[in-house]
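The values are calculated or read from the model by the stated rules, or taken from the named source; none is laboratory data. Just so it is clear, the structure is predicted and the values come from calculations on it, not from any experiment. Methodologically, a virtual Cβ is constructed for each residue, glycine included, from the backbone with ideal geometry; neighbour enumeration extends over all protein chains shown.
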(Lines give C-alpha, C1' and ligand atoms only; values in the text may rest on other atoms or scores of the structure.)
Protein backbone atom coordinates (compact mmCIF):
# COMPACT_ATOMS: atom_id res chain seq x y z
CA UNK A 1 0.00 0.00 0.00
CA UNK A 2 1.41 3.40 -1.00
CA UNK A 3 0.51 6.61 0.78
CA UNK A 4 0.10 9.50 -1.67
CA UNK A 5 0.14 13.07 -0.37
CA UNK A 6 -2.32 15.06 -2.45
CA UNK A 7 -3.31 18.70 -2.01
CA UNK A 8 -6.76 17.70 -0.77
CA UNK A 9 -5.68 15.00 1.67
CA UNK A 10 -4.92 15.84 5.28
CA UNK A 11 -1.50 14.39 6.02
CA UNK A 12 -0.27 13.59 9.50
CA UNK A 13 3.33 13.95 10.61
CA UNK A 14 5.27 10.76 11.27
CA UNK A 15 8.25 11.44 13.52
CA UNK A 16 10.97 9.08 14.74
CA UNK A 17 13.03 10.07 17.79
CA UNK A 18 16.35 8.41 17.03
CA UNK A 19 17.91 7.30 20.31
CA UNK A 20 18.88 3.86 21.56
CA UNK A 21 17.31 1.77 24.32
CA UNK A 22 19.91 2.72 26.97
CA UNK A 23 19.53 6.50 26.42
CA UNK A 24 15.88 6.95 27.38
CA UNK A 25 14.62 9.04 30.26
CA UNK A 26 13.74 6.19 32.64
CA UNK A 27 17.40 5.15 32.77
CA UNK A 28 19.01 8.61 32.99
CA UNK A 29 19.39 8.57 36.77
CA UNK A 30 21.46 5.38 36.54
CA UNK A 31 23.15 5.32 33.13
CA UNK A 32 25.52 8.25 32.51
CA UNK A 33 26.19 9.48 28.95
CA UNK A 34 29.89 8.75 29.42
CA UNK A 35 28.95 5.07 29.90
CA UNK A 36 26.80 4.76 26.77
CA UNK A 37 29.67 3.20 24.84
CA UNK A 38 29.55 0.14 27.09
CA UNK A 39 26.16 -0.92 25.74
CA UNK A 40 25.33 -2.83 22.58
CA UNK A 41 24.29 -0.41 19.82
CA UNK A 42 21.01 -1.62 18.30
CA UNK A 43 19.65 1.59 16.78
CA UNK A 44 21.08 0.88 13.32
CA UNK A 45 19.29 -2.45 13.02
CA UNK A 46 16.03 -0.87 14.18
CA UNK A 47 16.32 2.07 11.78
CA UNK A 48 16.77 -0.32 8.89
CA UNK A 49 13.52 -2.01 9.92
CA UNK A 50 11.67 1.32 10.09
CA UNK A 51 13.01 2.38 6.71
CA UNK A 52 11.85 -0.92 5.20
CA UNK A 53 8.35 -0.47 6.63
CA UNK A 54 8.15 3.09 5.29
CA UNK A 55 9.65 2.29 1.88
CA UNK A 56 7.11 -0.47 1.41
CA UNK A 57 4.34 2.12 1.76
CA UNK A 58 5.98 5.10 0.10
CA UNK A 59 5.94 7.13 3.34
CA UNK A 60 8.43 9.86 4.24
CA UNK A 61 9.06 10.72 7.88
CA UNK A 62 10.99 13.13 10.05
CA UNK A 63 13.85 11.54 11.98
CA UNK A 64 14.90 13.58 15.01
CA UNK A 65 18.43 12.28 15.48
CA UNK A 66 20.66 12.47 18.55
CA UNK A 67 24.08 13.83 17.62
CA UNK A 68 25.67 11.02 19.67
CA UNK A 69 23.90 8.43 17.52
CA UNK A 70 24.66 10.24 14.26
CA UNK A 71 28.39 10.18 15.05
CA UNK A 72 28.24 6.38 15.15
CA UNK A 73 26.06 5.68 12.10
CA UNK A 74 26.66 8.66 9.78
CA UNK A 75 26.22 6.59 6.64
CA UNK A 76 22.69 5.49 7.56
CA UNK A 77 21.65 9.04 8.48
CA UNK A 78 22.92 10.22 5.10
CA UNK A 79 21.00 7.39 3.38
CA UNK A 80 17.76 8.38 5.12
CA UNK A 81 18.18 11.96 3.91
CA UNK A 82 19.03 10.82 0.38
CA UNK A 83 15.87 8.71 0.36
CA UNK A 84 13.77 11.83 0.97
CA UNK A 85 13.26 11.67 4.71
CA UNK A 86 13.62 14.83 6.78
CA UNK A 87 16.44 14.85 9.33
CA UNK A 88 15.92 16.97 12.42
CA UNK A 89 17.90 17.42 15.61
CA UNK A 90 17.14 15.72 18.92
CA UNK A 91 20.07 17.45 20.56
CA UNK A 92 23.31 15.63 21.30
CA UNK A 93 23.30 14.12 24.76
CA UNK A 94 19.56 13.55 25.37
CA UNK A 95 19.51 15.73 28.48
CA UNK A 96 16.15 17.42 29.18
CA UNK A 97 16.33 21.20 28.97
CA UNK A 98 15.25 21.58 32.59
CA UNK A 99 18.61 20.00 33.57
CA UNK A 100 20.59 22.56 31.55
CA UNK A 101 21.37 26.24 31.75
CA UNK A 102 21.45 28.50 28.69
CA UNK A 103 25.12 27.95 27.96
CA UNK A 104 25.06 24.16 28.25
CA UNK A 105 21.86 23.97 26.21
CA UNK A 106 23.39 26.04 23.44
CA UNK A 107 26.49 23.84 23.51
CA UNK A 108 24.33 20.72 23.18
CA UNK A 109 22.33 22.12 20.26
CA UNK A 110 25.39 23.51 18.52
CA UNK A 111 27.25 20.22 18.82
CA UNK A 112 24.35 18.31 17.30
CA UNK A 113 23.95 20.89 14.52
CA UNK A 114 27.63 20.55 13.67
CA UNK A 115 27.59 16.75 13.52
CA UNK A 116 24.39 16.52 11.48
CA UNK A 117 25.45 19.42 9.26
CA UNK A 118 28.69 17.63 8.38
CA UNK A 119 26.73 14.48 7.45
CA UNK A 120 23.96 16.21 5.50
CA UNK A 121 25.81 19.17 4.02
CA UNK A 122 23.57 21.60 5.89
CA UNK A 123 22.45 21.75 9.50
CA UNK A 124 18.85 20.70 10.28
CA UNK A 125 16.14 23.31 10.69
CA UNK A 126 13.79 21.10 12.74
CA UNK A 127 14.13 20.13 16.40
CA UNK A 128 12.51 18.06 19.13
CA UNK A 129 13.61 18.42 22.73
CA UNK A 130 14.52 15.31 24.72
CA UNK A 131 11.60 14.30 26.94
CA UNK A 132 9.46 17.09 25.37
CA UNK A 133 11.21 19.42 27.79
CA UNK A 134 10.05 22.75 26.34
CA UNK A 135 7.78 23.89 29.17
CA UNK A 136 6.74 27.25 30.58
CA UNK A 137 9.95 27.27 32.59
CA UNK A 138 12.20 26.52 29.60
CA UNK A 139 10.67 28.71 26.86
CA UNK A 140 13.98 30.60 26.75
CA UNK A 141 15.32 27.58 24.83
CA UNK A 142 13.29 28.58 21.75
CA UNK A 143 15.30 31.77 21.39
CA UNK A 144 18.54 29.80 21.44
CA UNK A 145 17.17 27.29 18.96
CA UNK A 146 16.34 30.08 16.53
CA UNK A 147 19.82 31.58 16.94
CA UNK A 148 21.29 28.17 16.08
CA UNK A 149 19.29 27.80 12.87
CA UNK A 150 16.15 25.98 14.00
CA UNK A 151 12.93 27.13 12.32
CA UNK A 152 10.51 24.29 13.15
CA UNK A 153 9.93 22.70 16.54
CA UNK A 154 7.80 19.83 17.82
CA UNK A 155 8.44 19.70 21.55
CA UNK A 156 5.39 21.17 23.26
CA UNK A 157 2.64 18.96 24.65
CA UNK A 158 -0.59 20.94 25.30
CA UNK A 159 -1.35 18.72 28.29
CA UNK A 160 -0.84 18.55 32.04
CA UNK A 161 1.86 16.02 32.96
CA UNK A 162 4.16 15.63 35.98
CA UNK A 163 7.26 16.25 33.84
CA UNK A 164 6.42 18.00 30.56
CA UNK A 165 3.67 19.97 28.86
CA UNK A 166 2.11 23.43 28.67
CA UNK A 167 -1.53 22.78 29.60
CA UNK A 168 -3.99 24.97 27.79
CA UNK A 169 -1.62 25.85 24.96
CA UNK A 170 -2.57 25.80 21.28
CA UNK A 171 -3.36 22.35 19.82
CA UNK A 172 -3.08 23.23 16.14
CA UNK A 173 0.06 24.35 14.30
CA UNK A 174 1.12 27.87 15.22
CA UNK A 175 3.90 30.44 15.01
CA UNK A 176 5.94 31.50 18.03
CA UNK A 177 7.13 35.11 17.76
CA UNK A 178 10.47 35.64 19.48
CA UNK A 179 11.43 38.81 21.39
CA UNK A 180 14.56 39.47 19.33
CA UNK A 181 12.70 39.01 16.04
CA UNK A 182 12.05 35.97 13.92
CA UNK A 183 9.77 33.07 14.67
CA UNK A 184 9.60 29.33 15.11
CA UNK A 185 6.84 27.20 13.64
CA UNK A 186 5.47 24.90 16.34
CA UNK A 187 3.87 21.53 15.60
CA UNK A 188 2.46 20.67 19.04
CA UNK A 189 2.22 17.08 20.10
CA UNK A 190 -1.28 15.70 19.65
CA UNK A 191 -3.43 14.85 22.65
CA UNK A 192 -6.45 12.58 22.89
CA UNK A 193 -9.29 12.27 25.37
CA UNK A 194 -10.07 9.37 27.67
CA UNK A 195 -12.71 9.47 30.40
CA UNK A 196 -12.91 13.25 30.11
CA UNK A 197 -9.15 13.77 30.47
CA UNK A 198 -6.67 14.87 27.84
CA UNK A 199 -3.76 12.44 27.59
CA UNK A 200 -0.58 12.34 25.55
CA UNK A 201 -1.12 9.10 23.64
CA UNK A 202 0.14 10.11 20.19
CA UNK A 203 3.00 7.63 20.33
CA UNK A 204 5.70 6.22 22.55
CA UNK A 205 4.70 4.35 25.68
CA UNK A 206 1.11 5.54 25.44
CA UNK A 207 0.73 3.91 22.03
CA UNK A 208 2.15 0.65 23.39
CA UNK A 209 0.03 0.72 26.53
CA UNK A 210 -3.41 1.66 25.21
CA UNK A 211 -5.48 -0.38 22.76
CA UNK A 212 -5.08 0.58 19.12
CA UNK A 213 -8.61 1.92 18.78
CA UNK A 214 -7.83 4.83 21.11
CA UNK A 215 -5.05 6.11 18.87
CA UNK A 216 -7.23 5.52 15.84
CA UNK A 217 -10.02 7.54 17.46
CA UNK A 218 -7.63 10.40 18.25
CA UNK A 219 -6.38 10.49 14.64
CA UNK A 220 -9.91 10.40 13.26
CA UNK A 221 -10.99 13.19 15.60
CA UNK A 222 -8.03 15.37 14.59
CA UNK A 223 -8.90 14.89 10.92
CA UNK A 224 -12.54 15.79 11.57
CA UNK A 225 -11.38 19.00 13.27
CA UNK A 226 -9.04 19.81 10.38
CA UNK A 227 -5.88 19.40 12.44
CA UNK A 228 -2.97 17.21 11.37
CA UNK A 229 -1.81 14.65 13.91
CA UNK A 230 1.81 14.16 14.94
CA UNK A 231 2.83 10.61 15.82
CA UNK A 232 6.16 9.68 17.39
CA UNK A 233 8.05 6.43 17.76
CA UNK A 234 11.49 5.40 19.02
CA UNK A 235 13.45 2.76 17.08
CA UNK A 236 13.88 0.63 20.23
CA UNK A 237 10.09 0.35 20.47
CA UNK A 238 10.19 -2.13 17.56
CA UNK A 239 12.91 -4.22 19.24
CA UNK A 240 11.46 -6.73 21.73
CA UNK A 241 14.84 -8.54 21.83
CA UNK A 242 16.72 -5.56 23.30
CA UNK A 243 18.75 -6.21 26.48
CA UNK A 244 16.76 -5.84 29.70
CA UNK A 245 18.20 -3.12 31.91
CA UNK A 246 16.08 -3.96 34.95
CA UNK A 247 18.60 -2.82 37.54
CA UNK A 248 18.70 0.68 36.07
CA UNK A 249 15.05 1.57 36.75
CA UNK A 250 12.33 1.05 39.30
CA UNK A 251 9.15 -0.93 38.72
CA UNK A 252 7.28 1.95 37.07
CA UNK A 253 10.21 2.78 34.81
CA UNK A 254 10.56 -0.83 33.72
CA UNK A 255 6.85 -1.01 32.97
CA UNK A 256 6.93 2.21 30.94
CA UNK A 257 9.88 1.04 28.89
CA UNK A 258 9.02 -2.60 28.23
CA UNK A 259 5.22 -2.71 28.11
CA UNK A 260 3.93 -4.42 24.94
CA UNK A 261 7.19 -4.25 22.97
CA UNK A 262 6.36 -7.54 21.29
CA UNK A 263 3.06 -6.24 19.89
CA UNK A 264 4.17 -2.81 18.80
CA UNK A 265 5.38 -3.48 15.26
CA UNK A 266 2.02 -4.96 14.31
CA UNK A 267 0.17 -1.93 15.74
CA UNK A 268 2.58 0.47 14.03
CA UNK A 269 2.12 -1.18 10.65
CA UNK A 270 -1.65 -1.02 11.04
CA UNK A 271 -1.38 2.71 11.74
CA UNK A 272 0.74 3.23 8.62
CA UNK A 273 -1.79 1.34 6.52
CA UNK A 274 -4.86 3.17 7.78
CA UNK A 275 -3.73 6.82 7.76
CA UNK A 276 -1.80 9.21 5.54
CA UNK A 277 1.60 10.26 6.88
CA UNK A 278 4.45 12.45 5.71
CA UNK A 279 7.36 14.38 7.17
CA UNK A 280 6.78 17.27 9.54
CA UNK A 281 8.22 19.76 7.05
CA UNK A 282 5.89 18.53 4.33
CA UNK A 283 2.86 18.78 6.61
CA UNK A 284 3.85 22.34 7.54
CA UNK A 285 4.17 23.24 3.86
CA UNK A 286 0.80 21.69 3.08
CA UNK A 287 -0.88 23.49 5.98
CA UNK A 288 0.65 26.86 5.04
CA UNK A 289 -0.44 26.49 1.42
CA UNK A 290 -4.03 25.55 2.31
CA UNK A 291 -4.63 28.21 4.94
CA UNK A 292 -5.97 29.69 7.07
CA UNK A 293 -3.09 31.68 8.51
CA UNK A 294 -1.44 30.11 11.50
CA UNK A 295 -2.04 31.87 14.82
CA UNK A 296 0.91 33.77 16.28
CA UNK A 297 1.80 33.53 19.98
CA UNK A 298 4.51 35.34 21.84
CA UNK A 299 6.60 33.73 24.55
CA UNK A 300 4.77 35.77 27.16
CA UNK A 301 1.43 34.39 25.97
CA UNK A 302 2.74 30.83 26.12
CA UNK A 303 4.14 31.42 29.57
CA UNK A 304 0.87 32.87 30.82
CA UNK A 305 -1.22 30.00 29.45
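Sort out which residues of region 185-203 are more than 16 Å from the chain's Cα centre (by Cα) and either farther than 21 Å from residue 226 by Cβ or at pLDDT 80 or above (or both), and write them in order of number.
194, 195, 196, 197, 199, listed by residue number.
Considering 268, 255, 284, which residue is surrounded by 12 or more Cβ atoms within 10 Å (Cβ to Cβ), without any contact (Cβ under 8 Å) to a residue 24 or more places away in the chain and part of a helix (DSSP H, G or I)?
One residue alone meets the criteria, 255.
Is at least one residue of region 171-187 touching a residue at least 60 places away in the same chain (Cβ under 8 Å), under 16 Å from residue 132 (Cα atoms), out of contact with any strand residue (DSSP E or B) (no Cβ under 6 Å at 6 or more places or on another chain) and surrounded by fewer than 20 Cβ atoms within 10 Å (Cβ to Cβ)?
Scanning region 171-187 turns up no residue that is touching a residue at least 60 places away in the same chain (Cβ under 8 Å), under 16 Å from residue 132 (Cα atoms), out of contact with any strand residue (DSSP E or B) (no Cβ under 6 Å at 6 or more places or on another chain) and surrounded by fewer than 20 Cβ atoms within 10 Å (Cβ to Cβ).
Report the residue count in region 71-103 for those that are farther than 14 Å from residue 145 by Cβ and part of a helix (DSSP H, G or I).
Final tally of qualifying residues: 14.
Out of 302, 245, I need the residue that is buried (at least 17 other Cβ atoms within 10 Å of the Cβ), more than 23 Å from the chain's Cα centre (by Cα) and in contact (Cβ under 8 Å) with a residue 24 or more places away in the chain. Which one?
The match here is 245.
Go through region 156-170 and give me each residue that's surrounded by 18 or more Cβ atoms within 10 Å (Cβ to Cβ) and out of contact with any strand residue (DSSP E or B) (no Cβ under 7 Å at 6 or more places or on another chain).
157, 158, 164, 165, 166, 169
Note down all Cβ pairs under 6 Å where the first residue falls in region 1-24 and is surrounded by fewer than 12 Cβ atoms within 10 Å (Cβ to Cβ), the second is modelled with pLDDT of 95 or more and in a loop (DSSP other than H, G, I, E, B), and they're at least six residues apart or on different chains.
Correct list of pairs: 2/58.
For region 25-62, give me the residue count where each residue is at pLDDT below 95 and assigned to a loop (DSSP other than H, G, I, E, B).
4
Would you say residue 112 is under 22 Å from residue 47 (Cβ atoms) and either modelled with pLDDT of 95 or more or surrounded by fewer than 22 Cβ atoms within 10 Å (Cβ to Cβ) (or both)?
yes
Could you grab me the full set of residues in region 208-228 that are in a helix (DSSP H, G or I), surrounded by 16 or more Cβ atoms within 10 Å (Cβ to Cβ) and either on the phi > 0 side of the Ramachandran plot or without any contact (Cβ under 8 Å) to a residue 24 or more places away in the chain (or both)?
Scanning region 208-228 gives a single hit, 214.
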